[in-house]
Amino acid sequence: MADRYLAFANRPVGRFLTGRLGLPQPRPLLRHAEGQPAVIGPVLAGAAPGGRLAAAVVATLAGTPAAMLFEGDAADWPGLAARHGVMAARFLPGQSGRAGSAVFDATGIADPAGLDALYTFFHRVIREIAPDGRIVVLGAPPETCADADARVAQRALEGFTRSLGKEARRNIAVQLVRVAADADATALDSTLRFFLSRRSAYVSGQVVHVAAPVADLPEAAPRAHRGRRVLVTGAARGIGAAIAEAFAREGAKVVALDVPQAGADLLSLVQRLGGSRLALDITDPASDAAILEDAATHGGYDVVVHNAGVTRDRTIARMSRAEWDQTMRVNLLAPLRITEALLGAGALGPNGRIIGVSSIAGIAGNPGQTNYAATKAGVIGMVDALAPRLAARGATINAVAPGFIETRMTAAIPFAIREAGRRMNAMGQGGLPEDVAETILWLAEPRSAGVNGNIVRVCGQSLLGA
Ligand SMILES: NC(=O)c1ccc[n+]([C@@H]2O[C@H](COP(=O)([O-])OP(=O)(O)OC[C@H]3O[C@@H](n4cnc5c(N)ncnc54)[C@H](O)[C@@H]3O)[C@@H](O)[C@H]2O)c1
């Protein structure tokens, strides 16, 4: 459903009226389009003394056309840039022009006093980040810090980045990426690129963990998903159709699954994108055999996206057992059962990916959604429980947790609640199915092998459960 307020607020008369009345003035997000640079440049780099990731940042930029600006002398930015063949210049506020993105290596912050480095950098540069820009702070996992001081300081980064995301406005997205001590530049590369690109337009205020991958990573490739087999459930419409489209655009072979009643939509999707279809109801345990047969015929799946989902909203006192059961069966029991079947049959390829679709309702809770929120929190539990097992196979499992995304599911929400859902986030608007799809593409990349066990919200930094 079109966001009429967003369109109105961006017409001259709408801008005037909303400004005079003090109403929200969201601007349409700038999203990825074919042919655009991978990273929003120029990228402004800074570091706290003693950081370990400056070389990784420069190595990532070396693979992009983005120019680099640097601030401060805590890292040898000119030397690193020269070594990697990256154009770099010292940042001069008011003279350098605005930066497209900023990356700050905070891994060297070893005690609370060291947090001062955040103030020094961001106080100076925040106004110099262009609208629709990106900010990434790189930190260390607090639980692996050598002492209490370092742990406290690294934990503090989370409050800092989440607040910066809420106050930066202008559609600027801010993330904290915690990088394990043994994760090198190649482990970080896909994540840094995603968060510095337009692909992450509706992802903000997130904390992502990057570990050292258990196996060697494949070389970077312009079309990372080319030739990979991707199963997407609930693919006939909405977010699932966007996921299928995004993978097909990147050259993947998509297997689009949906209920037989959605057969016409499924057929037209597959005719448009290529790939194949499975008309199955995933709540039927017999669907496992059909999925396994499809996997076996084509040499397994590289990526499985458990996207199919339903809502049966009602307060617990009024909810029928059927409404409870159906939500459980589609959203939670089927993904668990299908994942077990695939793993048991060895049908997930090497460096395979399982991606769940949770929801911010599963994090924050929502009145009238006890059933739905239980299943979506259960998806998070599935990620937690299976991440070590998948890591042992060189594979990963992660989930996205969408906020308010413009689909038929949200179009069915009553007007007042729908409007509140759209505006109550740092971007002042709902996301699009493609925002969820882009996030899934990143998690599914062969080079995202160090990203395991994460729940990434795609919610414009919603105030719910933030
Ligand atoms: N739209 C949002 O704002 C939002 C927010 C958070 C999470 N999500 C989640 O994203 C996913 C997709 O949501 P959407 O908005 O695109 O929903 P949608 O209702 O538009 O699409 C869901 C798809 O799943 C399919 N499906 C349902 N039951 C199935 C079954 N038993 N077997 C096979 N397929 C089945 C449907 O036929 C449909 O094509 C869901 O898991 C949903 O819970 C959506």
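The values are calculated or read from the model by the stated rules, or taken from the named source; none is laboratory data. Everything numeric here is computed off the predicted structure, so don't read it as measured data. Counting neighbours? That spans all protein chains shown, and the Cβs are built from the backbone with ideal geometry, glycine included. To get the accessible areas, we keep the full protein, side chains included, count just its heavy atoms, and leave off ligands, DNA and RNA. Shrake-Rupley method; radii C 1.70, N 1.55, O 1.52, S 1.80 Å.
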Inset, instruction - Return only the number of the condition from (1) more than 12 Å from the ligand (Cβ to nearest atom); (2) open to solvent by less than 50 Å² (accessible area, probe 1.4 Å) that LEU257 does not satisfy. - result: (1)
Legend entry - Where a residue in segment 247-268 is closer than 24 Å to GLY299 by Cα and its partner, wherever it lies, is more than 8 Å from the ligand (Cβ to nearest atom) and among the polar types (S, T, N, Q), with Cβ under 8 Å and at least six apart: LYS253/SER276; VAL254/SER276; VAL255/SER276; ALA256/SER276
Legend entry - Restricting segment 276-286 to residues that are open to solvent by less than 50 Å² (accessible area, probe 1.4 Å) and touching a strand residue (DSSP E or B) at 6+ places or on another chain (Cβ under 8 Å), the residue that is nearest to the ligand (Cβ to nearest atom): ILE282
Inset, instruction - Kindly check whether there is at least one residue in segment 57-75 that is closer than 17 Å to VAL137 by Cβ and among the aromatic types (Phe, Trp, Tyr). - result: yes
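Results for (1) touching a residue at least 24 places away in the same chain (Cβ under 8 Å); (2) assigned by TED's automatic domain parsing to the domain that holds SER287; (3) within 9 Å of the ligand (Cβ to nearest atom), shown as yes or no for each residue.
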{"residue": "PRO335", "(1), (2), (3)": "yes, yes, no"}
{"residue": "GLY362", "(1), (2), (3)": "yes, yes, yes"}
{"residue": "GLY378", "(1), (2), (3)": "yes, yes, no"}
{"residue": "LEU390", "(1), (2), (3)": "yes, yes, no"}
{"residue": "ALA395", "(1), (2), (3)": "yes, yes, no"}
{"residue": "MET409", "(1), (2), (3)": "yes, yes, yes"}
{"residue": "ILE417", "(1), (2), (3)": "no, yes, no"}
{"residue": "ALA420", "(1), (2), (3)": "no, yes, no"}
{"residue": "ASN425", "(1), (2), (3)": "yes, yes, no"}
Legend entry - All positions within segment 26-67 that are touching a helix residue (DSSP H, G or I) at 6+ places or on another chain (Cβ under 9 Å), among the charged types (D, E, K, R) and surrounded by 15 or more Cβ atoms within 10 Å (Cβ to Cβ): ARG27, ARG31
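Return the residues of segment 260-275 that are hydrophobic (A, V, I, L, M, F, W, C) and crowded, with 17+ Cβ neighbours inside 10 Å; say none if nothing qualifies. It would help to see each step written out before you state the result.
Narrowing segment 260-275 to residues hydrophobic (A, V, I, L, M, F, W, C): 262, 264, 266-267, 269-270, 273.
Passing the criteria: ALA262, LEU266, LEU269, VAL270, LEU273.
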Inset, instruction - Could you check segment 5-103 for helices (runs of 4 or more DSSP H) lying wholly inside it with 2 or more residues that are outside the structural domain of ASP132 (by TED's automatic domain parsing)? - result: 12-21
